[in-house]
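Written out below as C-alpha cells is the structure these notes cover.
The values are calculated or read from the model by the stated rules, or taken from the named source; none is laboratory data. Keep in mind that what you see is a predicted model, and the values were worked out from it rather than measured. Ideal geometry is used to build each Cβ from the backbone, glycine not excepted, and the neighbour counts take in all protein chains shown.
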Amino acid sequence: MRKTLPLVSLFLITAAAITACSPSITKDPDDSGARQGTRSYKLDPEAQTVLISVYGVKMGTPDSDKFVFLMRTLKKAGELSELREFNTGIEGGLTLCGVFSPSANRSEIYQLLRTIETDVKETHLEARSASSCDP
C-alpha cells in the first residue's frame with residue numbers, strides 16, 4: 001500500500017516554497033483600483049480532471065508561475081497522469097488541465113490549490129473540475 005504522508009509533506013513544502021518565492025507586486029500609486037481580480041473554485045472530489053485558469057486584470061500575472069510549478073510537481077510526483085498547458089493570454093494568461101492518476105488524493109490536492117495566494121487586485125483565478133482536457 002502506498003504511503004501518503006511523505007507525499008502530503010511534499011505538497012506542503014511545495015506550497016510553502018511557492019508562497020515564499022512569489023514576487024511581490026508593486027501597485028502604481030495612480031491606479032484607482034477600479035478593476036479587481038477574482039477567485040473561483042468549483043471542485044468535485046469525484047471528477048477525473050481539474051482545470052486551472054489564471055489571467056491578469058491588466059497586463060498578465062506572475063501568479064500563473066505558481067500554478068505551473070505546482071501542477072508540474074504533481075505530475076512528477078505521480079498524482080497527475082496527464083498535464084496539458086494552454087497559453088491563452090498575450091501577457092501570461094494560461095489554462096492548465098490535469099488528469100488525476102487513479103491513486104491521487106484529490107481532496108488534498110484541492111486543499112493545496114486553495115492555499116496558493118494570488119494578488120486579489122491583479123489576478124483572475126478559476127479552478128474547476130471537468131470530465132476531460134478536451135477544449
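Among the candidates 113, 125, 96, which residue alone is under 12 Å from the mean Cα position of the chain (by Cα), outside any strand (DSSP E or B) and within 21 Å of residue 56 (Cα to Cα)? Please lay out each step first, then the result.
Working: 125 fails: outside any strand (DSSP E or B); 96 fails: outside any strand (DSSP E or B).
Going through 113, 125, 96 in turn, just one is under 12 Å from the mean Cα position of the chain (by Cα), outside any strand (DSSP E or B) and within 21 Å of residue 56 (Cα to Cα): 113.
Every residue, every condition in (1) farther than 13 Å from residue 42 by Cα; (2) out of contact with any Asp or Glu (no Cβ under 8 Å at 6 or more places or on another chain), yes or no:
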| site | (1), (2) |
| --- | --- |
| 95 | yes, no |
| 101 | yes, no |
| 108 | yes, yes |
| 111 | no, yes |
| 114 | no, yes |
| 118 | yes, no |
| 123 | yes, no |
| 126 | no, yes |
| 132 | yes, yes |
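Among (1) surrounded by 16 or more Cβ atoms within 10 Å (Cβ to Cβ); (2) over 13 Å from the mean Cα position of the chain (by Cα); (3) at pLDDT below 90, where does residue 90 come up short?
With (1) surrounded by 16 or more Cβ atoms within 10 Å (Cβ to Cβ); (2) over 13 Å from the mean Cα position of the chain (by Cα); (3) at pLDDT below 90 applied to residue 90, the lone miss is (1).
Starting from residues that are of a type in the set (Gly, Ala, Ser) and more than 17 Å from residue 104 (Cβ to Cβ), keep the ones in region 42-82 and report whichever is surrounded by the fewest Cβ atoms within 10 Å (Cβ to Cβ).
If we filter region 42-82 for residues that are of a type in the set (Gly, Ala, Ser), which is where we start, we get 47, 53, 56, 60, 64, 77-78, 81.
Imposing the further condition that a residue be more than 17 Å from residue 104 (Cβ to Cβ) reduces the set to 53, 56, 60, 64.
On the way: 53: 20, 56: 21, 60: 18, 64: 26.
Once the filter is applied, the top-ranked residue is 60.
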